[in-house]
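The values are calculated or read from the model by the stated rules, or taken from the named source; none is laboratory data. Because the structure is a prediction, the values reported are computed rather than measured. For neighbour counting, all protein chains shown are included, and Cβ atoms are generated from backbone atoms with ideal geometry for every residue, glycine included.
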Amino acid sequence: MGVIDKVIDCVRAKGTPGVAGIWLDEHKLVEAAAKTKQAGFRNFEAISPFPLHGIDEAMGIPRSFIPWVTFIFGLVGFSFGTWFTWWTSATDWPVIVGGKPMWSLPAFVPIMFECTILFGALSSVGALIYLAGLPKVEPPVIDPDLSSHKFALFIPQTEPGFDAGKVEQLFKQLGAVEVKRTEF
C-alpha cells in the first residue's frame, strides 16, 4: 500500500449501517423528522439538496456555537491588531514622523479592523470544517438523487432502541416513497 492509499484510508468516510427513508416533498420530510423525534430517536440525519426551514427545530438540533467562535476569535484578532500596531510603531521601531505621536489610534483602526475580520473568518471556516468532519473522501451515497430533488432521513443502527423493522415501518407510515437499509 502506497503513501497515497494510506492518506486516503485516513480521510475516507466510514459509513454506519442503518435505515434510510426517502421523501419527494420537503414539507413532508420536516413533518417526518418531527414525528421521528417524537418516536424517541435523537441521533438521526436529514439529507437535503438545499437548506430546509424548520428542520433544526423538528429534529431538536440546538443552535450552533460557530457564531461564538467567530465572536471570540474576532476579539482576539482585534486585540492582536491593537497590540501589534502599538508594538511595531511605539516599541520595536519608534520613528518620529512629522511630530506625530508614536502610536496614533486613528491611523491603525484599519489594521485592527482587518485583523478582527481575518481571525473571525478563519476561525469560522476552521470550526465548520472540524464540525463537518471534513475532509471526507468518497462518502457513502444513499441515493444519487438526494443532491437534486429527493430528501431523506437516516437512522443509524447505533441509535438507542434501534430496530430495523420498526424503523422501516415508521418511515412507511410517515409517507416515505422508498425505505432501504444502507450505510451513511
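So is T116 β-branched (V, I, T) and without any contact (Cβ under 8 Å) to a residue 60 or more places away in the chain or not? Spell out how you get there, then give the answer.
On the way: β-branched (V, I, T): yes; without any contact (Cβ under 8 Å) to a residue 60 or more places away in the chain: yes.
When the stated conditions are applied, T116 passes them.
In the set (1) part of a loop (DSSP other than H, G, I, E, B); (2) buried (at least 17 other Cβ atoms within 10 Å of the Cβ), the condition left unmet by V30 is number (1). Restricting region 109-164 to residues that are in a loop (DSSP other than H, G, I, E, B) and of a type in the set (A, V, I, L, M, F, W, C) leaves a set whose member that is surrounded by the most Cβ atoms within 10 Å (Cβ to Cβ) is I142.
Residue check: is A90 among the small types (G, A, S), in contact (Cβ under 8 Å) with a residue 12 or more places away in the chain and in contact with a helix residue (DSSP H, G or I) (Cβ under 7 Å, 6 or more places away or on another chain)? Spell out the reasoning first.
Values: among the small types (G, A, S): yes; in contact (Cβ under 8 Å) with a residue 12 or more places away in the chain: yes; in contact with a helix residue (DSSP H, G or I) (Cβ under 7 Å, 6 or more places away or on another chain): no.
When the stated conditions are applied, A90 does not pass them.
H53 satisfies every condition listed in (1) at pLDDT 90 or above; (2) more than 27 Å from D163 (Cα to Cα); (3) surrounded by 11 or more Cβ atoms within 10 Å (Cβ to Cβ) except (3).
What number of residues within region 45-60 satisfy the criterion of being assigned to a loop (DSSP other than H, G, I, E, B) and under 23 Å from P140 (Cβ atoms)?
Qualifying residue count for the region: 5.
The rows are residues; the columns are (1) touching a Ser or Thr at 6+ places or on another chain (Cβ under 9 Å); (2) in the same structural domain as G161 (by TED's automatic domain parsing); (3) under 24 Å from V125 (Cα atoms); (4) among the aromatic types (F, W, Y).
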residue	(1), (2), (3), (4)
A34	no, yes, no, no
K37	no, yes, no, no
N43	yes, yes, no, no
P49	yes, yes, yes, no
W86	no, no, no, yes
A90	no, no, no, no
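Go over the candidates R42, R63 one by one and state the one that is surrounded by fewer than 16 Cβ atoms within 10 Å (Cβ to Cβ), touching a residue at least 24 places away in the same chain (Cβ under 8 Å) and part of a loop (DSSP other than H, G, I, E, B). Outline the logic, then answer.
Working: R63 fails: touching a residue at least 24 places away in the same chain (Cβ under 8 Å).
Unique residue meeting the criteria: R42.
On the basis of being surrounded by fewer than 16 Cβ atoms within 10 Å (Cβ to Cβ) and not assigned by TED's automatic domain parsing to the domain that holds E159, does D25 make the cut?
Working: surrounded by fewer than 16 Cβ atoms within 10 Å (Cβ to Cβ): yes; not assigned by TED's automatic domain parsing to the domain that holds E159: no.
In short, no.
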